[in-house]
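One structure is given here, and the rest of the page talks about it.
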Amino acid sequence: MADYPEFDGEALQQGREIWLDTCEGCHGIGVAGAPVAGDHKAWAPRIGQGKEVLYEHAIDGFFGPGGTMMPARGGNEQLSEHEVQLAVDYMVRLATDK
Amino acid sequence: MKHLKKATLAMGLSTALVLPALVLGDVSDEAKFSPKQMTDWLHLVMSSDRTVYTRLIVNRLQNKEKVIKASEHFEDDKALVLPAQMFRFGAEMVGEQTDDFSYSLLSEWPINKQNAPRTEVEKAGLAYIAANKGENYYATEELGGTTYFTAVYADMAVAPACVSCHNDHKDTPRSDFKLGDVMGGVVIRVPL
């Protein structure tokens, strides 16, 4: 498995744990058409929508135009909204980190 | 030069005639492809069809519009055929028509015991793709006096329904699948 960087701050640490547990399965290598974590180009237009949209899409799930599906809370109903947001923050950081 | 003439001839025919000409003529022995290229291409077609079925039929009609479900008992339930059944029925039809290649969707944790690996290469291949996500497995094996090139490609849990249905199924030997996990593999075999 690829090594995913750790960032300073408790929120990003927590976000990384949650992300590794629930989101990496798809966003690690792009399963199901998921944008790959750390792929700056794939993420730029998504991040451009603003964090609120990303949070909403990650919490409620959404369908892309080609029928791709991001499942609500990454398919893990145990996660609270806050936990999903932490995981989104971590993935956004991966996509913007130089 | 035989080469050229045939190509020109084929180009002069309508497209409808080109395919039969390729099959009936001896053109087939002129272009050489490696078995790996063949299985990679076959797999690309299969996995794309499987993805389209999952996205545009199951995701759209079952998960998004909620107008129809996919069910193992599709006849009784008047439902859509499951993605894996769709795949197996296609593989069986191919098996009736040719011995040139064969394929199947297998798993180390099969709901349908028929889908368990049998040969050493199938077992090694499934173990390899599960341990090395994103990679394929290739090997040759001898079965009944014939040598085969065998390729194994991962099949992954792409939607919550894959995980919940398998984890909860009465016949499943494994109930801790997560999204993104390798659930099994497509095995494609060509005789050498």
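The values are calculated or read from the model by the stated rules, or taken from the named source; none is laboratory data. These numbers come from a predicted model, not from an experiment. We place every Cβ from the backbone using ideal geometry, glycine too, and count neighbours over all the protein chains shown.
Give the residues of region B:128-164 that are touching a residue at least 24 places away in the same chain (Cβ under 8 Å), surrounded by fewer than 16 Cβ atoms within 10 Å (Cβ to Cβ) and aliphatic (A, V, I, L, M), sorted by residue number.
Matches in region B:128-164: B:Leu143 only.
Have a look at A:Asp97, A:Asp60, A:Asp89 and point out the one that is away from chain B (no Cβ under 14 Å), on the phi < 0 side of the Ramachandran plot and surrounded by fewer than 19 Cβ atoms within 10 Å (Cβ to Cβ).
Values: A:Asp60 fails: away from chain B (no Cβ under 14 Å); A:Asp89 fails: surrounded by fewer than 19 Cβ atoms within 10 Å (Cβ to Cβ).
From the options A:Asp97, A:Asp60, A:Asp89, the qualifying one is A:Asp97.
Results for (1) modelled with pLDDT under 95; (2) within 14 Å of another protein chain (Cβ to nearest Cβ); (3) in a helix (DSSP H, G or I), shown as yes or no for each residue.
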| residue | (1), (2), (3) |
| --- | --- |
| B:Glu96 | no, no, yes |
| B:Tyr103 | no, no, no |
| B:Trp109 | no, no, no |
| B:Glu135 | no, yes, no |
| B:Tyr153 | no, yes, no |
| B:Val158 | yes, yes, no |
| B:Asp171 | no, no, no |
| B:Val186 | no, no, no |
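Can you name the residue in region B:29-70 that is more than 20 Å from the chain's Cα centre (by Cα) and away from chain A (no Cβ under 14 Å) and is also nearest to B:Cys165 (Cα to Cα) among such residues?
Applying the filter and picking the extreme gives B:Lys69.
Looking at B:Ala116, B:Ala157, B:Ala127, which is the one that is closer than 14 Å to B:Ser104 by Cα and either polar (S, T, N, Q) or under 18 Å from the mean Cα position of the chain (by Cα) (or both)? Explain how you work it out, then say what you get.
On the way: B:Ala157 fails: closer than 14 Å to B:Ser104 by Cα; B:Ala127 fails: closer than 14 Å to B:Ser104 by Cα.
Checking each option against the conditions leaves just B:Ala116.
Would you be able to tell me the number of residues in region A:68-86 that are in contact with a Gly (Cβ under 9 Å, 6 or more places away or on another chain) and either within 13 Å of chain B (Cβ to nearest Cβ) or closer than 19 Å to B:Cys162 by Cα (or both)?
8
For every residue, the table says whether it meets (1) surrounded by fewer than 19 Cβ atoms within 10 Å (Cβ to Cβ); (2) in contact (Cβ under 8 Å) with a residue 24 or more places away in the chain; (3) touching a strand residue (DSSP E or B) at 6+ places or on another chain (Cβ under 7 Å).
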position	(1), (2), (3)
A:Glu6	yes, no, no
A:Glu10	yes, no, no
A:Ala37	no, yes, no
A:Ala44	yes, yes, no
